[in-house]
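Have a look at the structure below before the remarks.
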Amino acid sequence: MAKPIQVRTGVSALAQPARPTAAQEAMAATLKRKLDYDQLTNCMRCGFCLPACPTFRETGVEAESPRGRIALMKAVADGILKPDVSFEEQMNHCLACRACEPACPADVKYGQLIEQARDAVEEHTESHRWWIRAVRKTAFKGVFPHPNRMRLLGKALKLYQGTRLRQWTRDSGVLKLFPPHLQDMERILPDASGDGVVARIGGEHKAKRGAAIAKVGLFRGCIMDVLFTETNVNTVKLLNEAGFDVVIPDAQSCCGALHAHSGEAGDARELARRNIRAFREAGVDYVATNAGGCGALLVEYDHLLHGDPEWAKEAAWFAERVIDVSELLVRKGRPLAFASETPTRVTYQDSCHLRNVMKSSGAPRTLMNRVAGAEMCEMKEADRCCGSAGIYNVTQPEMSGRILEHKMEHAEATKAEYILTSNPGCLLQMKLGVEKHGDPERMKAVHVVDFLYERLAKS
């Protein structure tokens with residue numbers, strides 16, 4: 001039986017046993033300023049969100065639900081609750097999967113609220129240890145926003161993976177200095193690239209089979225382009241075969257999703273401006289993404305920059321052009337033929353952000369059902385979060401692990417040989433699930449783009 005997760009609800013603070021500290025008063029003022037109070041009051045406390053929420057389903061604790069977290073936010077904004085450490089923990093314990101939004105009859109924008117709360121908390125938090133602050137600063141400010149540094153990171157990882165250093169590290173026990181969940185992640189990391197898609201195949205690619213339907217700009221991502229370069233390459237090739245010209249603007253950067261989800265909204269806005277400029281100058285008709293987590297923020301750049309009069313209009317232009325690659329292929333592309341050489345069973349794990357924010361769950365399944373010789377076996381609760389949630393599986397490994405274990409029970413029940421997904425974070429999480437709870441000899445986790453391209457009937 002799994003060990004219960006200890007959850008601090010923050011509700012006891014309603015009794016206000018002591019006066020708030022100066023830091024807590026400052027955080028409360030920032031929360032009141034940054035939270036959308038109309039959205040807080042839109043919550044009718046009906047409870048439809050409860051069964052949709054992974055953390056509530058695991059714990060049964062009210063404060064672990066969207067309704068509970070909104071109540072905590074509102075209590076702070078109203079001056080009833082002081083934002084102590086337990087409040088911070090509760091905001092950070094949310095996966096931000098946004099499964100509550102489709103379930104909400106009042107259309108509460110919970111995803112925006114949790115990001116606003118985390119932004120305010122991060123501005124004043126005292127709970128991070130020094131090494132966490134150092135890692136966050138290095139990653140969010142020093143690496144992710146800079147494509148050249150990401151590629152250097154990829155080269156370093158490639159060197160580590162391609163030499164005896166990795167085996168020595170494993171054999172020597174050095175990895176045991178790290179927490180178990182980080183040791184697990186090291187084992188399932190794919191082979192890194194030191195170049196990226198542009199260095200691999202160039203930045204401009206013409207449509208196959210006649211005149212181009214449209215000009216598509218590929219959002220290559222940061223981690224995506226380092227760890228899943230081949231998926232980016234295959235995305236370009238699929239789009240070309242479907243009749244699209246493809247460009248990959250070199251001036252683009254990280255989407256900013258990890259920043260926005262982690263309370264670094266200012267940095268997310270700066271990255272958004274950089275990306276809007278890059279794709280605007282490229283003159284694209286669509287901005288295609290193969291990463292649901294990236295796409296969910298890209299499609300909401302208009303909200304992210306709504307308070308910036310200089311960029312609001314440009315952000316709206318960008319957001320209305322963002323589309324997942326599967327959706328683009330199904331809705332706008334020329335029909336493609338796919339065939340599997342041998343009969344195979346596949347199942348699909350939804351990317352939460354692709355399904356709940358970009359509203360795309362049917363297109364990947366439509367494409368999978370077009371593969372001759374492949375049997376699509378729907379997984380129970382495929383729409384439930386897998387526990388990846390950006391860096392949640394690193395920052396909240398215990399909750400993430402419990403959610404993943406349930407997910408693998410459903411995946412195993414399908415008897416599928418392939419678990420397909422549309423997001424790099426989900427893909428790594430499912431690879432970890434297969435490694436820990438499945439049979440790696442029988443089952444593989446693969447990006448849907450790679451699965452399709454390998455079975456494309458070449459013209």
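The values are calculated or read from the model by the stated rules, or taken from the named source; none is laboratory data. Keep in mind the model is a prediction, meaning the values are calculated, not measured. When we count neighbours, we look across all protein chains shown, and the Cβ atoms used for this are built from the backbone with ideal geometry, even at glycine. SASA here: full protein model, heavy atoms, side chains in, ligands and nucleic acids out. Shrake-Rupley method; radii C 1.70, N 1.55, O 1.52, S 1.80 Å.
A few remarks follow.
- Of all residues making up the range 1-38, the number that are touching a Gly at 6+ places or on another chain (Cβ under 9 Å), open to solvent by 60 Å² or more (accessible area, probe 1.4 Å) and modelled with pLDDT of 90 or more: 1
- When residues of the range 99-132 are limited to those that are within 28 Å of Gln252 (Cβ to Cβ) and open to solvent by 50 Å² or more (accessible area, probe 1.4 Å), the one modelled with the lowest pLDDT: Glu123
- Residue match in the range 270-279 (condition: surrounded by 23 or more Cβ atoms within 10 Å (Cβ to Cβ), under 18 Å from Cys426 (Cα atoms) and within 20 Å of the chain's Cα centre (by Cα)): no
- Residues within the range 34-65 that are part of a helix (DSSP H, G or I) and closer than 12 Å to Ala117 by Cβ, tallied: 3
- Set side by side, the residues Arg151, Arg200, Arg187 differ, and just one is over 24 Å from Gln429 (Cα atoms) and open to solvent by 50 Å² or more (accessible area, probe 1.4 Å), which is Arg200.
- Pairs with Cβ under 7 Å, 6+ apart, first in the range 67-87 and more than 12 Å from Leu113 (Cβ to Cβ), second open to solvent by 40 Å² or more (accessible area, probe 1.4 Å) and among the hydroxyl-bearing types (Ser, Thr, Tyr): Val85/Ser127; Ser86/Thr9
- Reported count of residues in the range 39-90, each being open to solvent by less than 40 Å² (accessible area, probe 1.4 Å), of a type in the set (Val, Ile, Thr) and closer than 15 Å to Ala29 by Cα, is 1.
- The one condition in (1) open to solvent by 10 Å² or more (accessible area, probe 1.4 Å); (2) of a type outside the set (D, E, K, R); (3) more than 21 Å from Glu204 (Cβ to Cβ) that Val247 fails to fulfil: (3)
- Residue that is surrounded by the most Cβ atoms within 10 Å (Cβ to Cβ) [pool: residues in the range 364-415 that are of a type in the set (Val, Ile, Thr) and more than 27 Å from Glu454 (Cα to Cα)]: Ile403
- Gln429, sole failed condition from (1) in a helix (DSSP H, G or I); (2) open to solvent by 10 Å² or more (accessible area, probe 1.4 Å); (3) without any contact (Cβ under 8 Å) to a residue 60 or more places away in the chain: (2)
- The set of residues in the range 179-209 that are of a type in the set (A, V, I, L, M, F, W, C) and in contact with an Asp or Glu (Cβ under 8 Å, 6 or more places away or on another chain) comprises Ile188, Val197, Val198, Ala207.
- When Gly256, Gly210 are screened for being buried (at least 24 other Cβ atoms within 10 Å of the Cβ) and at positive phi, only Gly256 passes.
- When the range 288-313 is filtered for residues that are part of a helix (DSSP H, G or I) and crowded, with 18+ Cβ neighbours inside 10 Å, the ones remaining, listed by number, are Gly292, Gly293, Cys294, Gly295, Ala296, Leu297, Leu298, Tyr301, Asp302, Leu304.
- Restricting the range 434-446 to residues that are more than 17 Å from the chain's Cα centre (by Cα) and open to solvent by less than 20 Å² (accessible area, probe 1.4 Å), the residue that is farthest from Val346 (Cα to Cα): Val434
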